[in-house]
Amino acid sequence: MGNLIAVGNLKGGTGKSTIAVNLACACAELGQKVLLVDADGQGTATDWHGMGRLPVGLTSLPLASDRDAGAWIAQILACKPQVDQIVVDLPPQVGSGIASALLLADLFVIPVTPSGIDLRATGRALDLLRRARAVRRSTKPACLLVPSRVDRRTNLGRQIDQVLERLGLKVGPALRQRAAYVSAFDSGRWVGDCAHGAAAAAEVRALRECVLALLAAQALPARAA
Ligand SMILES: Nc1ncnc2c1ncn2[C@@H]1O[C@H](COP(=O)(O)OP(=O)(O)OP(=O)(O)O)[C@@H](O)[C@H]1O
Ligand SMILES: [Mg+2]
């Protein structure tokens, strides 16, 4: 049964699609079977995948309204047994759709850029996380905050990791602000498959290792039982 990794935050432009697509491809690089789910009606991941150069499959399943949530959950559950990882690129809007995704997710990856506005939106995303855990009566989904689009030349860019650690949640390796992430999208590739993407690819692989370790740690009690 595959893991469900939901990538989201309640703020536009934090790097959700960039992280979802690159993380999915980095898992595929290990030989894992990965399905990318584009749950955002904007279709960024779908457009990226449409160029035909990503090593993963993609399903476009926009999470639009309460009415759709049941069907959305059923479609995701049907995919789970066939893959190792499902990576969901969530939309930025607050909505019960995201809450539905968190009822299924094994891990909630929250990209946060170094800005006060993003930190506030992250607080609201964490409210959704707490609600999902309460409904599930579980510590699931696990949560990983990922500093995203980080410019270490700025004060908040230098401090973002420590600021996020104060929230008491696991903080993953940062993705710096790099042109390679933008050109990867433009060329329809992931950074590990781009000529000048080495530094970005190293960041994404570090994130992949952190994500896989968290998922493995979560699976341990179930296996022991
Ligand atoms: N680490 C990065 N370095 C440089 N540019 C980045 C980085 N991450 C994302 N970007 C760029 O920032 C813009 C927004 O990124 P992306 O689309 O991934 O964000 P998003 O959170 O999915 O946005 P939305 O809320 O609209 O879905 C894009 O132009 C993308 O190429
Ligand atoms: Mg997006």
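The values are calculated or read from the model by the stated rules, or taken from the named source; none is laboratory data. Keep in mind that what you see is a predicted model, and the values were worked out from it rather than measured. Every residue, glycine among them, receives a Cβ derived from its backbone with ideal geometry; neighbour counts consider all protein chains shown. Accessible surface areas use protein heavy atoms only, side chains included; no ligands, DNA or RNA. Shrake-Rupley method; radii C 1.70, N 1.55, O 1.52, S 1.80 Å.
Below are the figures for this structure:
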{"read-out": "Debye log10 I(q)/I(0) for the range 3-224, one point scatterer per Cα, at q = 0.11, 0.16, 0.17 Å⁻¹", "value": "-0.48, -1.09, -1.25"}
{"read-out": "Spin-label model distance (nm) - LEU220 vs ASP151, 7 Å beyond Cα toward Cβ", "value": "4.0"}
{"read-out": "Summed side-chain charge close to SER115 - residues other than SER115 whose Cβ falls under 10 Å, Lys, Arg +1, Asp, Glu -1", "value": "+2"}
{"read-out": "The range 3-224, dipole about Cα centre (Lys/Arg Cβ +1, Asp/Glu Cβ -1), debye to the nearest 20", "value": "660"}
{"read-out": "For the range 1-33 versus the range 66-129, the gap between their alpha-carbon centres in whole angstrom", "value": "11"}
{"read-out": "Environment charge at THR44 (Cβ cut-off 14 Å; Lys +1, Arg +1, Asp -1, Glu -1)", "value": "-4"}
{"read-out": "With every protein chain in place, the chain: carbon and sulfur % of accessible area (1.4 Å)", "value": "53"}
{"read-out": "Extension reserve of the GLN93-GLN159 stretch, reckoned as 0.36 nm per residue once the Cα distance is removed", "value": "21.1 nm"}
{"read-out": "Distant-in-sequence amide H partners of ASN3 (H built 1.01 Å from N, under 5 Å)", "value": "GLN85, ILE86"}
{"read-out": "With all protein chains modelled, accessible area of ASP47 [1.4 Å, Å²]", "value": "90"}
{"read-out": "Kyte-Doolittle at least -0.5, axis length at least 27 Å by Cα - qualifying DSSP helices, the chain", "value": "116-136, 198-224"}
